[in-house]
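Chemist: Let me give you the structure first, and then I'll get to my questions.
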Amino acid sequence: MDQLRRLFTVSFVIAAYLIVAASCCLAQHTSDKVPGHYTYQHAFEYDLDGNHLDVHETGTMNFYPDGTALDSARQVYTATMEDGCEVTFVFSYVSPSHWRLEGEDFYFAGVKETFRMELMETDAGKCDPIRAEKLAQEIIKVISGSCDYEYKFHLDTLTDQKLQWSFTYRDGHTDTWEFYREVLQQK
(Lines give C-alpha, C1' and ligand atoms only; values in the text may rest on other atoms or scores of the structure.)
Protein backbone atom coordinates (compact mmCIF):
# COMPACT_ATOMS: atom_id res chain seq x y z
CA MET A 1 0.00 0.00 0.00
CA ASP A 2 2.85 2.40 0.85
CA GLN A 3 4.50 1.63 -2.46
CA LEU A 4 1.25 2.43 -4.31
CA ARG A 5 0.85 5.67 -2.35
CA ARG A 6 4.46 6.64 -3.09
CA LEU A 7 3.99 5.86 -6.82
CA PHE A 8 0.83 7.96 -6.88
CA THR A 9 2.56 10.86 -5.08
CA VAL A 10 5.57 10.78 -7.42
CA SER A 11 3.26 10.60 -10.47
CA PHE A 12 1.22 13.52 -9.15
CA VAL A 13 4.34 15.65 -8.52
CA ILE A 14 5.70 14.90 -12.00
CA ALA A 15 2.34 15.75 -13.62
CA ALA A 16 2.10 19.00 -11.63
CA TYR A 17 5.65 19.93 -12.64
CA LEU A 18 4.90 19.28 -16.32
CA ILE A 19 1.75 21.40 -16.18
CA VAL A 20 3.60 24.30 -14.52
CA ALA A 21 6.50 24.03 -16.98
CA ALA A 22 4.15 23.93 -19.96
CA SER A 23 2.21 26.97 -18.75
CA CYS A 24 5.45 28.91 -18.18
CA CYS A 25 6.65 28.06 -21.67
CA LEU A 26 3.27 28.99 -23.15
CA ALA A 27 3.25 32.33 -21.28
CA GLN A 28 6.80 33.08 -22.46
CA HIS A 29 5.91 32.11 -26.01
CA THR A 30 2.87 34.41 -25.89
CA SER A 31 4.99 37.28 -24.49
CA ASP A 32 7.39 36.83 -27.40
CA LYS A 33 4.52 37.61 -29.81
CA VAL A 34 3.79 41.03 -28.25
CA PRO A 35 6.78 43.16 -29.37
CA GLY A 36 6.13 45.29 -32.43
CA HIS A 37 4.82 48.57 -33.79
CA TYR A 38 1.04 49.02 -33.58
CA THR A 39 -1.47 51.71 -34.51
CA TYR A 40 -4.68 52.38 -32.65
CA GLN A 41 -7.73 54.58 -32.37
CA HIS A 42 -9.62 54.79 -29.13
CA ALA A 43 -12.45 56.82 -27.60
CA PHE A 44 -13.42 57.24 -23.97
CA GLU A 45 -15.17 59.71 -21.71
CA TYR A 46 -15.02 60.84 -18.12
CA ASP A 47 -16.02 63.72 -15.86
CA LEU A 48 -13.57 66.12 -14.24
CA ASP A 49 -14.49 68.93 -11.86
CA GLY A 50 -18.08 69.11 -13.15
CA ASN A 51 -17.00 69.07 -16.80
CA HIS A 52 -17.72 66.18 -19.18
CA LEU A 53 -14.82 65.11 -21.39
CA ASP A 54 -15.18 63.11 -24.62
CA VAL A 55 -11.77 61.94 -25.80
CA HIS A 56 -10.73 60.53 -29.17
CA GLU A 57 -7.14 59.48 -29.69
CA THR A 58 -5.14 58.21 -32.63
CA GLY A 59 -1.74 56.82 -31.86
CA THR A 60 1.03 54.33 -32.09
CA MET A 61 2.21 51.81 -29.53
CA ASN A 62 5.66 50.26 -29.67
CA PHE A 63 6.19 47.22 -27.46
CA TYR A 64 9.84 46.21 -27.08
CA PRO A 65 11.19 42.76 -26.09
CA ASP A 66 12.84 44.16 -22.94
CA GLY A 67 9.45 45.01 -21.40
CA THR A 68 9.47 48.70 -22.29
CA ALA A 69 6.97 50.45 -24.53
CA LEU A 70 6.29 53.84 -26.09
CA ASP A 71 2.72 55.10 -26.39
CA SER A 72 2.36 58.21 -28.58
CA ALA A 73 -0.99 59.74 -29.45
CA ARG A 74 -2.84 62.78 -30.68
CA GLN A 75 -5.71 63.24 -28.25
CA VAL A 76 -8.70 65.41 -29.04
CA TYR A 77 -10.78 66.36 -25.99
CA THR A 78 -14.23 67.88 -26.35
CA ALA A 79 -15.10 69.36 -22.99
CA THR A 80 -18.67 70.27 -22.12
CA MET A 81 -18.21 72.80 -19.35
CA GLU A 82 -20.51 73.11 -16.34
CA ASP A 83 -22.48 75.91 -18.04
CA GLY A 84 -22.94 73.90 -21.26
CA CYS A 85 -20.40 75.63 -23.51
CA GLU A 86 -17.90 73.44 -25.37
CA VAL A 87 -14.12 73.64 -25.63
CA THR A 88 -11.90 71.50 -27.87
CA PHE A 89 -8.34 70.69 -26.83
CA VAL A 90 -5.70 68.87 -28.87
CA PHE A 91 -2.93 67.26 -26.84
CA SER A 92 0.28 65.52 -27.80
CA TYR A 93 0.60 62.50 -25.50
CA VAL A 94 3.91 60.62 -25.17
CA SER A 95 4.25 57.93 -22.54
CA PRO A 96 7.37 55.78 -22.21
CA SER A 97 6.08 52.72 -20.36
CA HIS A 98 6.68 49.25 -18.96
CA TRP A 99 4.70 46.11 -19.78
CA ARG A 100 4.57 42.47 -18.82
CA LEU A 101 2.29 39.59 -19.65
CA GLU A 102 1.30 36.90 -17.17
CA GLY A 103 -1.08 34.45 -18.80
CA GLU A 104 -4.05 36.57 -19.89
CA ASP A 105 -3.14 39.45 -17.54
CA PHE A 106 -1.40 42.31 -19.34
CA TYR A 107 0.24 44.75 -16.91
CA PHE A 108 1.04 48.24 -18.19
CA ALA A 109 2.37 51.39 -16.51
CA GLY A 110 3.82 54.67 -17.73
CA VAL A 111 7.10 56.13 -16.53
CA LYS A 112 6.22 59.35 -14.73
CA GLU A 113 9.68 60.96 -15.08
CA THR A 114 9.61 60.86 -18.89
CA PHE A 115 5.86 61.21 -19.50
CA ARG A 116 4.79 64.23 -21.58
CA MET A 117 1.39 65.65 -22.34
CA GLU A 118 1.40 69.00 -24.11
CA LEU A 119 -1.46 71.23 -25.14
CA MET A 120 -1.13 71.86 -28.88
CA GLU A 121 -4.40 73.66 -29.72
CA THR A 122 -7.42 75.11 -27.96
CA ASP A 123 -10.74 76.16 -29.48
CA ALA A 124 -12.64 77.80 -26.64
CA GLY A 125 -15.61 78.71 -28.83
CA LYS A 126 -17.93 80.85 -26.72
CA CYS A 127 -16.40 79.64 -23.45
CA ASP A 128 -14.26 81.76 -21.18
CA PRO A 129 -10.66 81.22 -22.44
CA ILE A 130 -9.22 81.51 -18.93
CA ARG A 131 -11.53 78.73 -17.65
CA ALA A 132 -10.63 76.67 -20.71
CA GLU A 133 -6.90 77.06 -20.03
CA LYS A 134 -7.37 76.09 -16.37
CA LEU A 135 -9.27 72.96 -17.43
CA ALA A 136 -6.54 72.01 -19.92
CA GLN A 137 -3.90 72.28 -17.18
CA GLU A 138 -6.08 70.23 -14.81
CA ILE A 139 -6.43 67.50 -17.46
CA ILE A 140 -2.63 67.38 -17.83
CA LYS A 141 -2.19 67.29 -14.05
CA VAL A 142 -4.67 64.42 -13.55
CA ILE A 143 -3.33 62.29 -16.42
CA SER A 144 0.30 62.94 -15.43
CA GLY A 145 -0.51 62.04 -11.84
CA SER A 146 -1.90 58.64 -12.77
CA CYS A 147 0.39 57.62 -15.63
CA ASP A 148 2.70 55.48 -13.49
CA TYR A 149 -0.11 53.41 -11.96
CA GLU A 150 0.20 49.78 -13.09
CA TYR A 151 -3.03 48.82 -14.82
CA LYS A 152 -4.04 45.19 -15.17
CA PHE A 153 -5.67 44.63 -18.55
CA HIS A 154 -7.17 41.40 -19.82
CA LEU A 155 -5.48 40.13 -22.99
CA ASP A 156 -8.41 39.41 -25.31
CA THR A 157 -6.58 38.79 -28.60
CA LEU A 158 -2.97 38.36 -29.68
CA THR A 159 -2.30 37.45 -33.29
CA ASP A 160 0.30 38.46 -35.86
CA GLN A 161 -1.96 41.35 -36.87
CA LYS A 162 -3.83 42.40 -33.73
CA LEU A 163 -3.42 42.88 -30.01
CA GLN A 164 -6.58 43.64 -28.04
CA TRP A 165 -6.87 44.23 -24.32
CA SER A 166 -9.74 45.28 -22.08
CA PHE A 167 -10.13 46.88 -18.68
CA THR A 168 -13.12 46.65 -16.35
CA TYR A 169 -13.64 49.74 -14.21
CA ARG A 170 -14.94 49.83 -10.63
CA ASP A 171 -18.41 50.80 -11.87
CA GLY A 172 -18.54 47.58 -13.92
CA HIS A 173 -18.20 48.95 -17.46
CA THR A 174 -15.49 47.52 -19.69
CA ASP A 175 -13.37 49.43 -22.18
CA THR A 176 -11.47 47.79 -25.04
CA TRP A 177 -8.37 48.89 -26.97
CA GLU A 178 -7.51 47.40 -30.36
CA PHE A 179 -3.92 47.68 -31.60
CA TYR A 180 -3.07 46.76 -35.21
CA ARG A 181 0.46 45.65 -35.98
CA GLU A 182 2.34 47.49 -38.70
CA VAL A 183 5.49 46.17 -40.29
CA LEU A 184 8.00 49.00 -40.57
CA GLN A 185 9.89 49.16 -43.85
CA GLN A 186 13.68 49.09 -43.69
CA LYS A 187 15.42 51.87 -45.64
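Chemist: Using r as the Cβ-Cβ distance of residue 154 and residue 47, and R0 as 25 Å, what FRET efficiency do you calculate, to the nearest 0.05?
Modeler: 0.50
Chemist: Would you work out the relative contact order for segment 94-173, in percent, from Cα pairs under 8 angstrom that are 6 or more residues apart?
Modeler: It rounds to 32 percent for segment 94-173.
Chemist: Which of the lysines could a cross-linker bridge to residue 134, judged by Cα under 16 Å and excluding same-chain residues fewer than eight apart?
Modeler: The qualifying lysines are 126.
Chemist: When the gyration tensor of segment 30-187 is built from Cα positions, what are the square roots of 5 times its three eigenvalues, in whole Å, from largest to smallest?
Modeler: 30, 17, 14
Chemist: Let me check I've understood the local charge: for residue 94, count other residues with C-beta under 9 angstrom from its C-beta, Lys and Arg +1, Asp and Glu -1. What total comes out?
Modeler: Summing Lys and Arg as +1 and Asp and Glu as -1 gives -1.
Chemist: Follow-up. At 1.4 Å probe size, with the rest of the protein present, what percent of the exposed accessible area of segment 90-185 is carbon and sulfur atoms?
Modeler: Solvent-exposed carbon and sulfur of segment 90-185 make up 50 percent of the total.
Chemist: Sticking with this structure for a sec: For residue 152, list the lysines whose Cα falls under 26 Å from its own Cα; do not include residues on the same chain fewer than 8 positions away.
Modeler: 33, 112, 141, 162
Chemist: Something else now. Ranked from the most accessible area to the least, with a 1.4 Å probe and all protein chains present, what is the order of 170, 181, 100?
Modeler: Ranking 170, 181, 100 by accessible area, largest first, yields 170, 100, 181.
Chemist: Could you check the spin-label model distance between residue 174 and residue 111? Points 7 Å from the Cα along Cα→Cβ, value in nm.
Modeler: 3.2 nm
Chemist: Using a basic spin-label model with each label point 7 Å from the Cα along Cα→Cβ, how many nm lie between residue 78 and residue 92?
Modeler: Taking the simple label geometry, residue 78 and residue 92 are separated by 2.5 nm.
The values are calculated or read from the model by the stated rules, or taken from the named source; none is laboratory data. Everything numeric in this text was worked out from a predicted model, so none of it was measured. Cβ: placed from backbone, ideal geometry, glycine included. Neighbour counts: every protein chain shown. The protein model used for the area step is the full one, side chains on, heavy atoms only, and it has no ligands, DNA or RNA in it. Shrake-Rupley method; radii C 1.70, N 1.55, O 1.52, S 1.80 Å.
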